[in-house]
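In what follows, a single structure is set out as C-alpha cells and then discussed.
The values are calculated or read from the model by the stated rules, or taken from the named source; none is laboratory data. The model shown is predicted, which means the values in this text are computed figures rather than measured ones. Every residue, glycine as well, gets a Cβ built from its backbone with ideal geometry; the counts of neighbours run over all protein chains shown.
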Amino acid sequence: MPTLLHIDSSPLYGRSVSRQLTAAFVSQWKASHPNGTVANRDLSAITIPPINAAWIGAVYTPEEGRTPQHKELLSLSDSFLADLERADEYVIGVPMHNFGVPSSLKLWIDQIARVGKTFSYADGTPKGLLIGKKATFIIATGAIYDAQTQMASFNFVEPYLRSLFGFLGVTDATFLTAGGTVALNHGHDRDTFLAPHLHAVQTHAQILQGGHV
Ligand SMILES: Cc1cc2nc3c(=O)[nH]c(=O)nc-3n(C[C@H](O)[C@H](O)[C@H](O)COP(=O)(O)O)c2cc1C
C-alpha cells in the first residue's frame, strides 16, 4: 500500500501558505491513491529537543551495547526514522525563516540524520541510505529569491534541503516555491496569489503519479 509522509513546519496554521499548498498536494495524492495511507507529522505541534552530548553518545554507541537510557534518548529519532522508512513519498512544507529553514524543521533534521540509519561512511565515502523515495518540498518565502535576482544568494532553504536530502539518498526531489508572500500582508488577494501555486502543486502531484495534465 503506497504511503505518503506529510510534514508541515509553519507555525502559522490558517495563515500559512506552505500548509495550504501541502494540503492541496495531499488531496491530489489521496485522489490518485484511494487505498494509500497518509502519515502526518506537524513539527509545530510537537516539541523536539535539540541534540546534546548524551544523544550523540547514544547514537555512536553500537546498537548491541546500548543501555535502556540510550534507547530512551533515541526513541523519538527512531520514530521519525520509521516514518521515513515506511513512506514511499514525502511532501514537506517549509516556510523560510531568517533565510533558512524554520528551527522546528532543523530540530527534526538533526534527529533523522543518523549514521548507519540514513547515511553511512562504511566504505570510506558517504552513502545515503534513504533509497527509492520521492520528495516534494513546498517552500513559502516572504520575498522573491529566483535565480538571477539580487536576493538569490540569500536563499539557504532550497540549496540546504537539496544537499542534505541528497546526502541521505533522496535524490528524486522537487522544489516548488511560492515566493513573495509578503504581498498578502499588503492587501493582495489571497486566492489570486495562491492560484498559480496551487496549480503548480496539483500539476506536479499529477505528474508524479504518472497522470496527464
Ligand atoms: C520568523 C520569521 C522569519 C522570516 N524570515 C524571512 C526571511 O528571511 N526571508 C523572507 O523572504 N521571508 C521571511 N519570512 C516570511 C515568510 O517566509 C513568509 O511569511 C512565508 O509565507 C512563510 O511561510 P508560511 O506562510 O507557510 O508560514 C519570515 C517570517 C517569519 C515569521
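Computed values, structure above
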quantity: All positions within the range 85-107 that are away from the ligand (no atom under 16 Å from the Cβ) and surrounded by 21 or more Cβ atoms within 10 Å (Cβ to Cβ); calculated: A87, E89, Y90
quantity: Tally of residues being without any contact (Cβ under 8 Å) to a residue 40 or more places away in the chain and at negative phi across the range 194-213; calculated: 8
quantity: Only one of H186, H197 that is surrounded by fewer than 18 Cβ atoms within 10 Å (Cβ to Cβ), at pLDDT 95 or above, within 16 Å of the ligand (Cβ to nearest atom) and over 23 Å from S104 (Cα atoms); calculated: H186
quantity: Breaking point among (1) closer than 29 Å to A53 by Cα; (2) buried (at least 16 other Cβ atoms within 10 Å of the Cβ); (3) in contact with a Gly (Cβ under 6 Å, 6 or more places away or on another chain), for I138; calculated: (1)
quantity: Near pairs, Cβ below 7 angstrom, 6+ apart or cross-chain, from the range 162-185 (over 21 Å from A147 (Cβ atoms) and in contact (Cβ under 8 Å) with a residue 40 or more places away in the chain) to any residue that is part of a helix (DSSP H, G or I) and within 16 Å of the ligand (Cβ to nearest atom); calculated: L184/R190; L184/F193
quantity: Enumeration of residues in the range 124-142 that are at pLDDT 95 or above and either within 15 Å of the ligand (Cβ to nearest atom) or in contact with a helix residue (DSSP H, G or I) (Cβ under 7 Å, 6 or more places away or on another chain) (or both); calculated: G128, L130, K134, A135, T136, F137, I138, I139, A140, T141, G142
quantity: Any hit, the range 133-153, residues being closer than 30 Å to E63 by Cα, aliphatic (A, V, I, L, M), touching a residue at least 24 places away in the same chain (Cβ under 8 Å) and part of a loop (DSSP other than H, G, I, E, B); calculated: no
quantity: The one condition in (1) modelled with pLDDT under 95; (2) of a type outside the set (S, T, N, Q); (3) touching a strand residue (DSSP E or B) at 6+ places or on another chain (Cβ under 6 Å) that M96 fails to fulfil; calculated: (1)
quantity: Helices (runs of 4 or more DSSP H) wholly inside the range 1-81 that include at least 1 residues being among the polar types (S, T, N, Q) and under 19 Å from the mean Cα position of the chain (by Cα); calculated: 17-32
quantity: Sole residue being among the aromatic types (F, W, Y) and away from the ligand (no atom under 16 Å from the Cβ), chosen from Y121, Y145, Y160; calculated: Y121
quantity: Number of the condition not met by R66 [criteria: (1) in contact (Cβ under 8 Å) with a residue 24 or more places away in the chain; (2) in contact with a helix residue (DSSP H, G or I) (Cβ under 7 Å, 6 or more places away or on another chain); (3) charged (D, E, K, R)]; calculated: (1)
